[in-house]
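J.: Quick one: the structure is below, and I'll ask about it shortly.
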Amino acid sequence: MVLRAMGKRSNRSESDRSAIETVSRRQYLASGAAVGAATALGGCVGGSGGGSGLTVGFALPFSGTYAMLGESIVNGFDMYLEQNDGEINGEEVETVERDTEADTNRGVSVTRELLVEEQADAIVGPVSSAVAMAMMDTIKNESSAIWLNANAGDYRVTEQGCLNYHFRTSFNDWQTSAPLAEWVYNNVADNVCLAYADYAFGQNSKNFFSEAFEEAGGEVVGEVGAPLGTDDYSSYLTEIENSGADAVFSFFAGSDAVNYVTAFTDYGLNEEMTQTGSGFLLSEDTLPAQGEAAMGMYSLLHYTPTREAERNQQFVSAYTDAYDSSANVYACQGYDSAQAFAAAVEEAGGSDPDEMANALSGMELESPRGKFRFDPETHEPIQDLHVREVVESDGEVPVENKVVNTIEQVESPSWGCSLN
Amino acid sequence: MVETIVRTALLGIQYGMTLALIATGLTLIFGMLDVINFAHGALYMLGAYFGWVVASTLGSFWLALLLAPLFVGVVGVAIEVLSLRPLYDRNPLYHILLTFGFAIMIQGAVVELWGGQTKQIAEPASLAGTLTIGSFDYPMYRLFVLVVSTLLIGVIWLAVERSDLGILMRASAHDSEMVDALGIDVSKVFTGVFVFGAVLAGFAGVLLGVSRSVNPGMGFGIIIEAFVIVVIGGLGSFRGAIYTALLIGLVSSFGALVASTLTEIFLFVLMAGVLMVRPNGLFGATEAT
């Protein structure tokens, strides 16, 4: 498009094109040289592992749309380390951060860097499921570290990867959608319309919900997918309204969730149907912007900062003191990754990856989210899921989530994975 | 059925007008300056953030709508005078690299200053609520956006086509040497057009920052759509951009009704189709501006 633009206006299309080629070739060479130099340097000064000390590699996005998520995960992890004087099992812990930029190629190369040059004993990350799918082979081939998956929820990491080193310290997309179906059927409506962001995670979530909802006896009367990053949901909402459903199950996250929920209430749909969804629809990162528009909506997630439990309150206040920002689900996942790593090293008596993996399999952890354990078959978390309602708050943000129901110790399907 | 069609058409026009608001600045700058302004989306985003800051500190949406575009205009002056002006005679690739660099810098600065978290500008109380049309609730604020953007684009249209200023602008674009020879400082006209485009982008940012989320990525999303519009309409054609924005608004809204997941594809199919039949775009080449 841009090339065409230049060719059209300037009558210099030939020279333009050659100029572009030169630049891109030169840039390519330059970047190649830079990478080469970095690799060489890394080879000299890297290699902190082996013998004393433990190394944790963060393969997370620190720039772009997901930067806030990556930062929260690191904060959570660091907080655990600080609470334990930076040591696990008497050994000092060094952390290395690498930016995946939420890009699959970049994700693979930073993973290799962390494993080979930094000799990481554990990889924490990524945020994006696409990156996780791309990282699988590298982790498997190197077989030198355990993989604490602190956010990427795509069930296919278990279905296709089924790695002994992989432990989901977060959630999977089945858990944040399917268990809500029965609750919606029993408490909200017997028919729903599905609305989702049209990419892998959104599609998985609506499929899982729809399956479970029909199994519970409900009927799915409509389905509306919108491209990822849609700004204006007006006409999609017409379609949702036309379905005539009494409730809607939605999967949107981040700024999409803000745009969607705001428009939903602007057009008065909240008076006609009950909004329910996966927890990312109504989370700590979106609620300040959604504000009053989110009132009375329901969502399902494994962690809620406002949940009343001593363990959670301690975590939330310690986090606020340390980072001057409020705790969120990503911080909890980072914190639990640190807990899992500590437990693995202590139980295995060292950082041998196979011994750590065997130690973690089936292990139970006391988390701010409540206690959870790793399923020995799949290493998916078996955990409580909270149904939350958005209510008025007396805090800084006008609204907050309130846990209205807890679905206890939810096990996920095994998707053909059998590690035990 | 009829009601659904009328309603979808209304929503499509509303969406089209918001797109027109953004595409206008882009096409004016290209038409006059021959510069592809990749930073246009970033200026739109900056407008939304300035608007959010003013609205949340001073508590007034109206002040935000007035002040934020002016701040963005100041940024526009800096970009044009300090960096773009020396590059006008160069290969357009320089313009692209430069403005793309500004887009990345502005986004980085916004993340640094206000974080990556999504925000929203508070709706003015006087425009809360909905207007009922038939059995359809139309939010007052969105109606306001529709009216304001339509009026604004109408005024710009008249100014470009009919006023002396418009003639001067078109003349400068057509033959800047001759205009210079007639005793008019063309560089001032260029600065004016660039800054006007920036102010317009900032204004759109505040206006849309109420019904949409304000986040650092919002500029990159919108610039793609705006480019598609400018290309289909005919590069640099003002009229073409407006008609195309409306066309795309309607295609998106009816598309959402027919096959919601394919709306994005419709957009590019439309572009490919138009360019195959009319390689210069709908209004390209035949028009001076």
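J.: Could you say which residue among B:Asp89, B:Asp180 is away from chain A (no Cβ under 14 Å), among the acidic types (Asp, Glu) and farther than 26 Å from A:Gly268 by Cβ? Give the derivation first.
T.: Working: B:Asp89 fails: away from chain A (no Cβ under 14 Å).
Criteria check complete, one pass: B:Asp180.
J.: Residue by residue through the range A:384-407, note down the ones that are among the charged types (D, E, K, R) and part of a strand (DSSP E or B). Give the derivation first.
T.: Taking the range A:384-407 first, the residues among the charged types (D, E, K, R) are A:384, A:388-389, A:392, A:394, A:396, A:400, A:402.
Across the range A:384-407, the qualifying residues are A:Asp384, A:Arg388, A:Glu389, A:Glu392, A:Glu400, A:Lys402.
J.: Of the residues A:Thr238, A:Thr265, which is farther than 18 Å from B:Thr118 by Cβ, within 14 Å of chain B (Cβ to nearest Cβ) and surrounded by 18 or more Cβ atoms within 10 Å (Cβ to Cβ)? Reasoning before the result, please.
T.: Working: A:Thr265 fails: farther than 18 Å from B:Thr118 by Cβ.
Every option except A:Thr238 fails the conditions.
J.: Write out, first by first residue and then by second, each pair whose Cβ atoms fall under 8 Å of each other, whose residues are 6+ apart or on separate chains, and whose first residue, in the range B:240-262, is more than 16 Å from A:Thr230 (Cβ to Cβ) while the second is among the hydroxyl-bearing types (Ser, Thr, Tyr) and in a helix (DSSP H, G or I).
T.: B:Gly240/B:Thr27; B:Ala241/B:Thr24; B:Ala241/B:Thr27; B:Ile242/B:Thr24
J.: Listed residues B:Ala103, B:Ala109; which is crowded, with 16+ Cβ neighbours inside 10 Å and farther than 30 Å from A:Phe264 by Cα?
T.: Numbers: B:Ala109 fails: crowded, with 16+ Cβ neighbours inside 10 Å.
Residue meeting the stated conditions: B:Ala103.
J.: Can you tell me which residues in the range B:111-148 are of a type in the set (Gly, Ala, Ser), farther than 23 Å from A:Asp256 by Cβ and in contact (Cβ under 8 Å) with a residue 12 or more places away in the chain?
T.: Filtering the range B:111-148 down to residues of a type in the set (Gly, Ala, Ser) leaves B:115-116, B:122, B:125-126, B:128-129, B:134-135.
With farther than 23 Å from A:Asp256 by Cβ added as a condition, the list becomes B:125-126, B:128-129, B:134-135.
B:Ala128, B:Gly134, B:Ser135 - these are the residues of the range B:111-148 that are of a type in the set (Gly, Ala, Ser), farther than 23 Å from A:Asp256 by Cβ and in contact (Cβ under 8 Å) with a residue 12 or more places away in the chain.
J.: Which of the following residues is touching a helix residue (DSSP H, G or I) at 6+ places or on another chain (Cβ under 7 Å) and under 18 Å from B:Thr261 (Cα atoms): A:Ser243, A:Ser250, A:Ser278? Working first, answer last.
T.: Values: A:Ser243 fails: touching a helix residue (DSSP H, G or I) at 6+ places or on another chain (Cβ under 7 Å); A:Ser278 fails: under 18 Å from B:Thr261 (Cα atoms).
The unique qualifying residue is A:Ser250.
J.: Please verify whether the range B:102-124 includes one or more residues that are more than 19 Å from B:Gly205 (Cα to Cα) and among the small types (Gly, Ala, Ser).
T.: no
J.: Mind telling me which of the residues A:Asn187, A:Asn207 ends up being in contact with a Ser or Thr (Cβ under 9 Å, 6 or more places away or on another chain) and either more than 9 Å from chain B (Cβ to nearest Cβ) or closer than 22 Å to B:Tyr15 by Cβ (or both)?
T.: Details: A:Asn187 fails: in contact with a Ser or Thr (Cβ under 9 Å, 6 or more places away or on another chain).
Sole residue among the options that is in contact with a Ser or Thr (Cβ under 9 Å, 6 or more places away or on another chain) and either more than 9 Å from chain B (Cβ to nearest Cβ) or closer than 22 Å to B:Tyr15 by Cβ (or both): A:Asn207.
J.: So A:Arg168 fits all but one of (1) among the charged types (D, E, K, R); (2) closer than 30 Å to B:Ile265 by Cα; (3) buried (at least 24 other Cβ atoms within 10 Å of the Cβ); what number is the exception?
T.: Looking at each condition in turn, A:Arg168 falls short on (2).
J.: I've got another one for you. Take residues that are within 19 Å of A:Ser170 (Cβ to Cβ), within 14 Å of the chain's Cα centre (by Cα) and modelled with pLDDT of 95 or more and tell me which of the strands (runs of 3 or more DSSP E) falling wholly in the range A:87-150 contain 2 or more. Before you say what the answer is, go through the steps one by one.
T.: On the way: elements: A:91-99, A:122-124, A:146-149.
Those strands (runs of 3 or more DSSP E) span A:146-149.
J.: May I pose another question? Which of (1) within 10 Å of another protein chain (Cβ to nearest Cβ); (2) surrounded by fewer than 16 Cβ atoms within 10 Å (Cβ to Cβ); (3) not in a helix (DSSP H, G or I) does B:Glu123 not meet, given it meets every other one?
T.: Going through the list (1) within 10 Å of another protein chain (Cβ to nearest Cβ); (2) surrounded by fewer than 16 Cβ atoms within 10 Å (Cβ to Cβ); (3) not in a helix (DSSP H, G or I), B:Glu123 breaks only (2).
J.: Please pick out the residue among A:Gly244, A:Gly225 that is crowded, with 19+ Cβ neighbours inside 10 Å and out of contact with any His (no Cβ under 6 Å at 6 or more places or on another chain).
T.: Checking each option against the conditions leaves just A:Gly225.
J.: Could you list, in sequence order, all residues of the range A:189-208 that are buried (at least 19 other Cβ atoms within 10 Å of the Cβ) and in a helix (DSSP H, G or I)?
T.: If the condition is that a residue be buried (at least 19 other Cβ atoms within 10 Å of the Cβ) and in a helix (DSSP H, G or I), then A:Phe201, A:Gly202, A:Asn204, A:Ser205, A:Lys206, A:Phe208 are the ones that fit.
J.: Here's another thing I want to ask about it. Taking A:Glu219 as the residue in question, decide whether it is surrounded by fewer than 24 Cβ atoms within 10 Å (Cβ to Cβ), more than 14 Å from every other protein chain (Cβ to nearest Cβ) and without any contact (Cβ under 8 Å) to a residue 40 or more places away in the chain. Lay out the reasoning, then the answer.
T.: Numbers: surrounded by fewer than 24 Cβ atoms within 10 Å (Cβ to Cβ): yes; more than 14 Å from every other protein chain (Cβ to nearest Cβ): yes; without any contact (Cβ under 8 Å) to a residue 40 or more places away in the chain: yes.
Yes; evaluated as a whole, the condition is true for this residue.
J.: Now, a different point. For the subset of the range B:190-231 comprising residues that are part of a loop (DSSP other than H, G, I, E, B) and small (Gly, Ala, Ser), which member is surrounded by the most Cβ atoms within 10 Å (Cβ to Cβ)? If you could, list the steps in order and put the result at the bottom.
T.: Within the range B:190-231, the first condition is being part of a loop (DSSP other than H, G, I, E, B), and the residues that meet it are B:209-213, B:215-217.
Checking which are small (Gly, Ala, Ser) leaves us with B:209, B:211, B:213, B:217.
Numbers: B:Gly209: 29, B:Ser211: 24, B:Ser213: 26, B:Gly217: 19.
Taking the candidates together, the pick is B:Gly209.
The values are calculated or read from the model by the stated rules, or taken from the named source; none is laboratory data. Source: prediction; values computed, not measured. All Cβ positions, glycine included, derive from the backbone under ideal geometry; neighbour counts span all protein chains shown.
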